[in-house]
1. Which residues, counting only those in the range 203-251, are without any contact (Cβ under 8 Å) to a residue 60 or more places away in the chain and at positive phi?
2. Name every residue in the range 253-265 that is surrounded by fewer than 21 Cβ atoms within 10 Å (Cβ to Cβ) and either in contact with a helix residue (DSSP H, G or I) (Cβ under 6 Å, 6 or more places away or on another chain) or within 13 Å of residue 62 (Cα to Cα) (or both), in order of residue number.
3. If residue 75 passes every condition in (1) crowded, with 22+ Cβ neighbours inside 10 Å; (2) more than 16 Å from residue 13 (Cα to Cα); (3) among the aliphatic types (A, V, I, L, M); (4) out of contact with any Phe, Trp or Tyr (no Cβ under 6 Å at 6 or more places or on another chain) but one, which one does it miss?
4. Return the pair list, or none, for Cβ contacts closer than 9 Å from residues in the range 139-164 that are touching a residue at least 40 places away in the same chain (Cβ under 8 Å) and assigned to a helix (DSSP H, G or I) to residues that are small (Gly, Ala, Ser) and surrounded by fewer than 18 Cβ atoms within 10 Å (Cβ to Cβ), at least 6 apart or on different chains.
5. Report the residue count in the range 219-254 for those that are farther than 17 Å from residue 157 by Cα and not in a helix (DSSP H, G or I).
6. Looking at the range 46-97, which of the residues that are part of a helix (DSSP H, G or I) and among the small types (Gly, Ala, Ser) is nearest to residue 147 (Cα to Cα)?
7. Taking the range 81-129 as the search range and keeping residues that are touching a His at 6+ places or on another chain (Cβ under 9 Å) and touching a residue at least 60 places away in the same chain (Cβ under 8 Å), which one is nearest to residue 239 (Cα to Cα)?
8. Count, please, the residues in the range 165-188 that happen to be assigned to a strand (DSSP E or B) and more than 26 Å from residue 24 (Cβ to Cβ).
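Nothing in this text is a laboratory measurement; each read-out follows from the coordinates by a stated rule. The structure displayed is predicted, hence computed values, not measured ones. Quick reminder, even Gly has a Cβ in these numbers, built from the backbone with ideal geometry, and neighbours come from all protein chains shown.
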Amino acid sequence: MQGSASSERRGAPCETIEPARLESPLVFSSPHSGAFYPPEFLAASRLEIRALRSSEDVAVDDLFAAAPNHGAPLLRAKFPRAFLDVNRESFELDAKLFDQPLPAYANTRSLRVASGLGAIPRVVAEGQAIYPDRISLAEGLDRIEKLYKPYHAALEALMTRATQKFGGAVLVDCHSMPSRMPTGDARRPYEPIAADIVIGDRHGASCDPAISHRIHAILSGLGYRVARNKPYAGGFITENYAVRARNRHAVQIEINRALYLDEKTLERGPDYARVKADMSRLIAEIAPGREMPGSHWRQAAE
C-alpha cells in the first residue's frame, strides 16, 4: 500500500521529482506525505503505526504526481509528519516534550506548540501523546539538522530557480485534511468539514488573488465544494515562501481525505483515480502560470 511504514527506505530526507524540461514558474511541495517511519521511532512511541499515520497526508504526493509532466518540479518529504513537521518554524518547540531546557531562541509560545504540534510533534490526531516519556533534546535538534534544514534548503532552491528563470514563482503546497474537526464541545465533539477542498492564501496575503481565484474556479468547475482560508488559511510554508514584492507567491491546497481514502484503514478509496485525474487537470491548467502578475516570466523563459 502507498504510504506503508516499509514503503520508503532510509536515505535522503526528501526528493525532488524534476520535469524533463523546466517550463513552469510553479513549484509543488508535499511536506506531509512522507511514509518512512524509522524503526527506532516506532520502538520509542507508545502508539501503533496506524495512530501515528493519522497525521500523514497519505498519497498526496501521488495525487499531484503529474506536476513534472507539465514542466514543474515536485518536492516531497520522505520522513513522516509525526516524526518532524517542516510546516513549522525550525525551532518551534514544545518544552513539555524534551528532557532538557530549550535554547533561548526556541519559540515555545505559539498556538501550535500549545496544541502539541510543534516542529517535533508531541501528539498526533485527537491529542494522542506520541511518546510515553520526554525525549532527548539532542535527538530533537538532530532531526532539525538532518531533516528540516535539507527540506527547506531544497524548497528555497526551487523557488529561487523559478524566480530567476521566469521572473516569479508560485509555490503550491499540497496537503490533505480529515473529514471531521474537533469542536471543543463534549456533547458534539466532532463535526464534518463542509468542503471537499480548502484553498489557503492567508486571506490574500500570500499570493496574488488571481492565482487563488483561478484554482478555485477550476476545482469548482470539476464539481468540488471549495472553501477559502477556512478552516485552513496556510501554515509556515505558505507564509514563509511568499514574498509578493519579489513576485513570489504561495498557496495551500487541502484535500478532504474522505474523497480518496478510507480514513480508518488509509487504503485508497474507489474515487482515488478520479481525484488524481482531477488534480492532474488542475496542474495542466495552472502550470503555464498565466495567472501570475505581469507577463515577463514568459519572455524570461524564452
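1. Those that are without any contact (Cβ under 8 Å) to a residue 60 or more places away in the chain and at positive phi: 203, 204, 223, 229.
2. 259, 263
3. Every listed condition holds for residue 75 apart from (2).
4. Going by the 9 Å Cβ cut-off, the qualifying pairs are 144/90; 148/90; 149/90; 150/12; 152/90.
5. Here the count works out to 18.
6. 55
7. Out of the qualifying residues, it is 87.
8. So the count comes out to 3.
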